[in-house]
Structure formats: structure tokens, C-alpha cells
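Shown below is the structure under consideration.
The values are calculated or read from the model by the stated rules, or taken from the named source; none is laboratory data. None of these values were measured; they are calculated from a predicted model. Cβ atoms come from the backbone with ideal geometry, glycine included; neighbour counts cover every protein chain shown.
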């Protein structure tokens, strides 16, 4: 998380021929922006953490219980839930940072920031993989030729290779955080922020931001739109008898794409604009910079809500996951019934033993008398 933009900086007004005191650099104070973040981020991150942990932990638990994943989509959903959980575990650190500043040292700053970037990018790339797998699965059902590159690679045999490629790509995007992140003292508090060398202050930073937008938003969006549009066109050609199922499937596709665009588009558009600003100094007014900072805080929190929605959009709606969850629920119910039977049997045996021992004691007493 690059927070360098959120703190005080100097900006220049347009300088005219006749100089005045207003022409000198003016300090843009952003205390109100920090105060808003100190309240907004802890609330939003807590909500995301609670809701996201519940849904993604359930997905991991169900698939881990079965131990063997039947399809590539099952494998992708498991990796997606793991990436979501790892991303959510970084939120308490950023909530504490927003409220009190960074107090955990430079090593933790680097690791937490890199983990955030890696898992956020991994989530987006896995969504693209799920879209491709669904498209290829529908093509196989229709009997289309699958001897192409994607058809050969998106199989259970190469599933681990695809997942490894996704995680490796995401890891390389997290390397700059491990290198550039430092803890600096700014505005009476310690800040975990990216410090770029002079050679990267303009163009290098912009390139890194654009690569993140390309791999974390544009590529998944293009893959999702192409795959789901092709699937929708195929579903439209189904017989009239299956119109109900066809419309339900189309609705699911529209919801998946719509949620992705609504949650990710504002954050990435603003990210591109801020990257351009760092290279070409587009923002020259303090109030404009403060508005952009506050918009970045809100849109980033909106983008994180996708971690909470992933289990609902991809796992809970799938028939495969529902079957797995029903099997797990039945097994737990059977175990609970067996435990109750054992407990009730033990209680009955205990009562019977107690009754017999009481009778024997009475006989003994009578005999003694």
C-alpha cells in the first residue's frame, strides 16, 4: 500500500510575471484526511475481515475436508480463498497504521505490504483463470475441438502449473514493495511508505503502477468479458425448453462481471490518474489533492470488498461446492448422532450400574442385620 500520497507535501501555483507571496510554494496540510482515514479504515477493514474470514474459511475447510479436488475450478476456488484469507490477514496492520501510525518496524512493513500486493494481484488473476476454465468446460460439453494451447493447459494434469504461474506472477509484483518500502517519520508519526530513488521518482513509479493495473485489472477484465460473452452467446442458442436455466445462468454471468467492474474500476481508474500525476504533475491545487486522497481511500476499501464477495459469487453458487458442502454437513451430522448415541448409552449403563449397586447394598445391609 503506497501511502506516500496521503501526507503533507508542497505544491506550486501557476507563477505569473508579477510575483507575490501567493506565488511561493504553499504547504498542503492534510490533517483532516488523516483523521478521516483513522476512523474510516478501521471500520471498513474490520467489516471486511469478519465477513471475508467467515466465507473464505468455509470454502477452504470444505475443500480441505475432501482432500481431492475434482475439477480445475475447485482448485482455483481453493487458491482464491487462500489468497483472500492472506490478504484479509494484512488488514489489521493497515487499520492500526491508519489509526496510530506504523509501529512495527521496517521488516514487518515490507512483508505486510508485499503480502497485500501479492495476494490482491493473485485474486484478480485467479478470477481470470476461473473464467477461462468455465468457458473451456462449456466448449468441451459442446464437443468443440480443444487441441489449442488453452485446451491443452487447462486440464487437471497441468492445474498445479497454472496455479504456480499465477502465484509467481503475483510474487514478482510484490518484489518492489520488499525493496522500496521504508518506515519514515512524517507529520508527527511513523509511516510505512514507498521511497523511490531519484531515477525512479517519475517514470519508474508510473511503470510499476501501470503494470499492476494491467495484470490486476485490465487482463482479468478482458478475459472475463470475452469468456462470459462467448458463454452467454452459446447459452442463447440453447433450446426453448431450457429457457429458465439459460436465463439463470446468464444472470449469474452478468452479476459476476458487474460486481467485478463496480468494485475494481473506480480504484484502478484513480490509480492510473495518480500514476500519471506522479509523472507529469497534473494536480497543482491542495484541495484537488485532498479530494483525490479521500477518493483513493474509499475506492480501495470498495475494491477490498471483492474478497468478501468471492465465496458468494464463485463457490456458494456452484453446484459442485454445494454438493461438497452437503456431504460435509451430512458427515458431521452422522458423527454428532453417533456421539449422542454413545453418550446416551453410557448414561443408561451408568444408571443401570448405579441401580444394581444400590440393590446390592440393601441386600448386604439386610443380611448384616
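Those residues that are loosely packed, with under 13 Cβ neighbours inside 10 Å and part of a helix (DSSP H, G or I), I need them from the range 281-296; list them, please.
287
Can you name the condition, by its number, that residue 159 falls short on among (1) under 21 Å from residue 194 (Cβ atoms); (2) over 19 Å from the mean Cα position of the chain (by Cα)?
Going through the list (1) under 21 Å from residue 194 (Cβ atoms); (2) over 19 Å from the mean Cα position of the chain (by Cα), residue 159 breaks only (1).
May I pose another question? Before we move on, is residue 312 outside any loop (DSSP other than H, G, I, E, B), at pLDDT 80 or above, within 15 Å of residue 41 (Cβ to Cβ) and under 20 Å from the mean Cα position of the chain (by Cα)?
Working: outside any loop (DSSP other than H, G, I, E, B): yes; at pLDDT 80 or above: yes; within 15 Å of residue 41 (Cβ to Cβ): no; under 20 Å from the mean Cα position of the chain (by Cα): yes.
Criteria not met by residue 312.
Then there is this: Would you mind finding the one in 173, 164, 219, 215 that is in contact (Cβ under 8 Å) with a residue 40 or more places away in the chain, within 29 Å of residue 77 (Cβ to Cβ) and surrounded by fewer than 16 Cβ atoms within 10 Å (Cβ to Cβ)?
219
Can you say whether residue 129 is out of contact with any strand residue (DSSP E or B) (no Cβ under 8 Å at 6 or more places or on another chain) and either closer than 21 Å to residue 264 by Cα or surrounded by 12 or more Cβ atoms within 10 Å (Cβ to Cβ) (or both), as far as the supplied structure shows?
yes
What helices (runs of 4 or more DSSP H), lying completely within the range 124-221, carry at least 2 residues that are modelled with pLDDT under 80?
149-153, 203-213
On to the next question. Determine whether the range 228-249 contains at least one residue that is within 21 Å of residue 214 (Cβ to Cβ), modelled with pLDDT of 85 or more and within 23 Å of the chain's Cα centre (by Cα).
yes
Search the range 19-40 for residues that are farther than 15 Å from residue 288 by Cα and pair each with any residue that is at pLDDT 80 or above and surrounded by 10 or more Cβ atoms within 10 Å (Cβ to Cβ) when their beta-carbon atoms are under 6 Å apart and the residues are at least 6 apart or on different chains.
Within 6 Å, the pairs are 37/98; 37/297; 38/98; 38/99.
If I ask for residues that are crowded, with 21+ Cβ neighbours inside 10 Å and under 16 Å from residue 163 (Cβ atoms), which ones from the range 42-72 would you list?
Listed by number, the residues that qualify are 59, 63, 72.
For every residue, the table says whether it meets (1) part of a loop (DSSP other than H, G, I, E, B); (2) closer than 17 Å to residue 310 by Cβ; (3) in contact with a strand residue (DSSP E or B) (Cβ under 8 Å, 6 or more places away or on another chain); (4) at pLDDT below 90.
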residue: 53; (1), (2), (3), (4): no, yes, no, no
residue: 57; (1), (2), (3), (4): no, yes, no, no
residue: 61; (1), (2), (3), (4): no, yes, no, yes
residue: 79; (1), (2), (3), (4): no, yes, no, no
residue: 84; (1), (2), (3), (4): no, yes, no, no
residue: 87; (1), (2), (3), (4): no, yes, no, no
residue: 97; (1), (2), (3), (4): no, no, yes, no
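Something else about it: Among the residues of the range 247-260, write down those that are surrounded by 14 or more Cβ atoms within 10 Å (Cβ to Cβ) and closer than 16 Å to residue 223 by Cα.
Once the filter is applied, which keeps residues that are surrounded by 14 or more Cβ atoms within 10 Å (Cβ to Cβ) and closer than 16 Å to residue 223 by Cα, the range 247-260 yields 253, 255, 256, 257, 259, 260.
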